[in-house]
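The structure appears below as structure tokens.
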Amino acid sequence: MALYTDPVLAVPVALVGTFAFMDMLGFSVNLLTLFALVLAIGIVVDNAIVVVEAVHVKMEEGYEPMQATIVATKEIAGAVIAITLVMSAVFIPVAFLDGPVGVFYRQFSLTLAISIVISGINALTLTPALCALILKPHNPHKKLGFIDKFFDRFNVILEKVTNGYVNILRKYATRTVVTFGLLTLFIVLTWGTSKFLASGFIPMEDQGMAYVSVTTPQGATVERTEKVLDEITTIAKKIDGVENVTTLAGYSVVTEIAGASYGMAMINLKDWSERDKSINDFINELTEKTKGVSDAQIEVFAPPTVPGFGNTSGFELRLLDKTGGSIENMDAITKSFVKKLNETPDLKNSFTSFDATFPQYMINIDYDMASKKGISVDNAMSTLQTMLGSYYATNFIRFRQMYKVMVQANPEYRETPESILNLYLKNDKGEMVPFSTFMTIERVYGPEVLTRYNMYMSAMINGEPAGGYGSGDAIAAVEKIAKESLPKGFDIEWSGMTREEILSGNQTIYIFIVCLVFVYLLLAAQYESFLLPMPVLLSLPTGIFESYIALLVCGLDNNIYAQVALVMLIGLLAKNAILIVEFAVASHKEGNDIIPAAIEGARQRLRPILMTSFAFIAGLIPLCVASGAGAVGNRSIGTAAAGGMLIGTVFGLVIIPGLYIFFATLENRKKNEKKL
């Protein structure tokens with residue numbers, strides 16, 4: 001039991017130290033930092049396990065605990081330092097990203113990097129001290145308990161696995177065709193799998209709430225909108241899992257504008273433990289059941305995962321009219337474009353709030369006549385706004401209560417649109433002039449609110465990816481339809497979180513490249529060679545392929561959380577390679593041949609590699625089966641990391657020695673050529 005006490009003690013030391021640095025950096029305990037801390041539990045024990053396993057091996061060779069600790073620590077210190085630097089180097093560049101992606105990556109990566117650095121220091125200081133104090137030599141005469149028998153049986157099985165592994169290496173490690181054939185296979189499979197895997201950004205989470213947007217026919221009254229909202233409330237309350245429904249007539253949650261024909265509802269669901277339906281299941285069921293509600297356009301959607309980037313989940317874009325054409329033409333093209341979006345299998349629930357058929361009155365001003373009568377048009381419009389829409393003038397206090405003074409025309413003077421013409425205002429001579437003298441009204445149709453985007457008349461369009469598709473697929477589908485169907489002079493611009501996704505697309509690629517370059521340069525300095533780091537880097541495709549497969553099987557997309565897991569895998573899989581390469585390099589420097597050094601390094605490091613990898617995977621299991629708030633993000637990062645670590649470790653153990661033999665031979669050849 002003492003053998004496993006040291007790694008366990010490494011966890012609280014690293015986590016407590018991480019909390020101290022989080023406070024210094026101004027990080028709070030939020031979903032992102034909790035992600036990092038959960039993953040840190042699996043990662044920080046790695047260095048401790050490596051040291052403890054090395055000490056255990058020396059004790060089996062006959063060393064006393066203190067002597068075994070000193071010898072093992074000297075032998076393993078280089079590998080521990082390299083692992084710590086590489087895993088930290090993977091996360092440090094991520095902290096320099098900006099925008100929403102930077103917020104996601106920065107807190108996660110720095111929290112994890114700090115815990116890894118602390119665990120590295122801990123592995124070279126506290127862990128050796130604990131080994132010398134706690135570990136005891138094996139007593140062959142000691143009566144074996146259940147746990148001792150279990151561990152003995154485990155060691156016997158592991159020894160058989162080790163012997164079989166060494167036999168495989170002796171047979172295939174020297175065959176360059178096998179090594180590079182496997183490597184090429186994994187690269188091709190990774191590329192092929194990425195074509196089938198849906199791409200995304202920040203996944204839609206089940207927040208226990210859904211929004212409903214209602215648009216009744218143009219010119220409808222608030223009472224009519226309230227009636228529709230009452231019908232939706234009745235339908236929603238009959239669905240299992242609904243806790244309460246709140247409605248508001250006269251306001252649009254999508255465009256944030258007021259109008260009698262707009263309405264919204266906020267539906268709160270019961271706690272995750274009290275319902276079987278996910279938010280997607282609820283939205284689909286409510287959408288189906290509200291199709292029978294007549295005289296209203298009803299859209300049901302989840303709130304955005306990140307507040308402040310739009311008011312709906314899914315994608316958001318603006319259709320721009322760069323021709324300066326009529327509103328009627330804009331309305332027709334917008335409706336035609338939305339219809340084509342809804343016909344595409346990649347998309348669902350596409351809708352627009354732009355509608356140019358609302359009945360309105362256009363006020364026409366005769367500026368010449370207004371000037372002759374001494375009327376300022378600005379003053380006329382201000383007076384008209386006051387008399388029709390009211391104006392807040394002042395306050396007064398009476399009976400210890402404060403009252404507002406609102407100025408507005410009496411109701412009988414604003415009963416009909418034509419009443420405007422019978423109103424009066426003062427001119428510059430103090431005379432009362434009727435509005436009908438310089439004003440006429442005309443009945444027209446148009447949108448309630450006309451918005452401009454980048455100075456062009458625009459229509460906002462929202463929608464969601466269909467089942468089995470990610471936001472990246474939705475973006476590609478919309479851009480394809482826009483290119484094929486929009487007439488000349490019309491274009492689309494992305495807005496909200498979709499715009500951030502497109503802007504961050506290249507950043508993710510760059511960050512992967514920077515992480516790989518950091519790892520390569522650190523290892524090149526560690527090994528004093530530009531070739532020996534290559535086995536470490538080339539072992540990565542094995543893990544990335546299985547990450548994609550795991551996401552595909554679990555129905556998840558390649559979102560920002562999965563990409564965080566891939567960045568993390570660079571460090572974790574590099575750690576396995578470093579353990580083998582570090583031992584092989586040291587053995588070769590002592591005079592052993594390259595092939596025996598590589599095989600012995602793999603044999604010696606098999607146990608710590610398996611222990612650290614499976615300890616990390618075990619720490620990810622709660623994330624893989626997570627439910628409730630943030631479940632999609634938890635499952636994405638847990639599934640990608642666990643899947644990649646499992647297969648990356650198994651196949652990496654076969655590929656890494658072969659890669660080391662190939663590149664170490666090249667390195668030797670170069671040195672011999674220089675000597676000649």
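Here are some notes:
- Lone qualifier among Ile43, Ile92, Ile83 - being over 26 Å from Ala631 (Cβ atoms) and buried (at least 21 other Cβ atoms within 10 Å of the Cβ): Ile83
- Residue match in segment 404-417 (condition: in contact with a strand residue (DSSP E or B) (Cβ under 7 Å, 6 or more places away or on another chain), farther than 13 Å from Thr383 by Cα and in contact (Cβ under 8 Å) with a residue 40 or more places away in the chain): yes
- Filtering segment 501-510 to residues that are at pLDDT 75 or above and buried (at least 19 other Cβ atoms within 10 Å of the Cβ) leaves only Glu501.
- Subset of segment 438-481 [among the aliphatic types (A, V, I, L, M) and under 33 Å from the mean Cα position of the chain (by Cα)]: Met455, Met457, Ala459, Met460, Ile461, Ala466, Ala474, Ile475, Ala476, Ala477, Val478, Ile481
- Tabulated pairs, segment 53-64, first assigned by TED's automatic domain parsing to the domain that holds Leu133 and within 14 Å of Thr127 (Cβ to Cβ), second in a helix (DSSP H, G or I) and modelled with pLDDT under 80, C-beta under 8 angstrom, 6+ apart or interchain: His56/Leu3
- Residue, nearest to Ser313 (Cα to Cα), within segment 247-267, restricted to residues that are assigned to a loop (DSSP other than H, G, I, E, B) and touching a Phe, Trp or Tyr at 6+ places or on another chain (Cβ under 7 Å): Val253
- Lys335 closer than 19 Å to Ser495 by Cβ and either at pLDDT 90 or above or surrounded by fewer than 20 Cβ atoms within 10 Å (Cβ to Cβ) (or both): no
- Residue within segment 247-255 that is under 33 Å from the mean Cα position of the chain (by Cα), without any contact (Cβ under 8 Å) to a residue 60 or more places away in the chain and crowded, with 19+ Cβ neighbours inside 10 Å present: yes
- For segment 511-526, a tally of residues being exposed (fewer than 14 other Cβ atoms within 10 Å of the Cβ) and either closer than 19 Å to Arg318 by Cβ or among the small types (Gly, Ala, Ser) (or both) returns 1.
- Residue in segment 624-631 that is modelled with pLDDT under 80, more than 24 Å from Ile544 (Cα to Cα) and not hydrophobic (A, V, I, L, M, F, W, C) present: yes
- Complete set of residues in segment 222-241 that are under 12 Å from Asp295 (Cβ atoms) and either among the hydroxyl-bearing types (Ser, Thr, Tyr) or touching a residue at least 12 places away in the same chain (Cβ under 8 Å) (or both): Arg224, Thr225, Val228, Glu231
- Filtered residues of segment 236-246 (kept if within 19 Å of Asn280 (Cβ to Cβ), over 29 Å from the mean Cα position of the chain (by Cα) and part of a strand (DSSP E or B)): Val245
- Breaking point among (1) modelled with pLDDT under 80; (2) closer than 21 Å to Val514 by Cβ, for Asp46: (2)
- Residue within segment 464-484 that is exposed (fewer than 15 other Cβ atoms within 10 Å of the Cβ) and either modelled with pLDDT under 85 or under 30 Å from Tyr367 (Cβ atoms) (or both) present: yes
- Search result, residues across segment 338-375 that are among the aromatic types (Phe, Trp, Tyr), under 23 Å from Phe490 (Cβ atoms) and surrounded by fewer than 19 Cβ atoms within 10 Å (Cβ to Cβ): Phe358
- If the condition is being outside any strand (DSSP E or B), modelled with pLDDT under 85 and surrounded by 14 or more Cβ atoms within 10 Å (Cβ to Cβ), then segment 177-215 contributes Ser194, Leu197, Ala198, Gly200, Phe201, Ile202, Pro203, Met204, Glu205, Asp206, Gln207, Gly208.
The values are calculated or read from the model by the stated rules, or taken from the named source; none is laboratory data. What you see is a predicted model; the values in this text were computed from it and never measured. Virtual Cβ from ideal backbone geometry, glycine too; neighbours counted across all protein chains shown.
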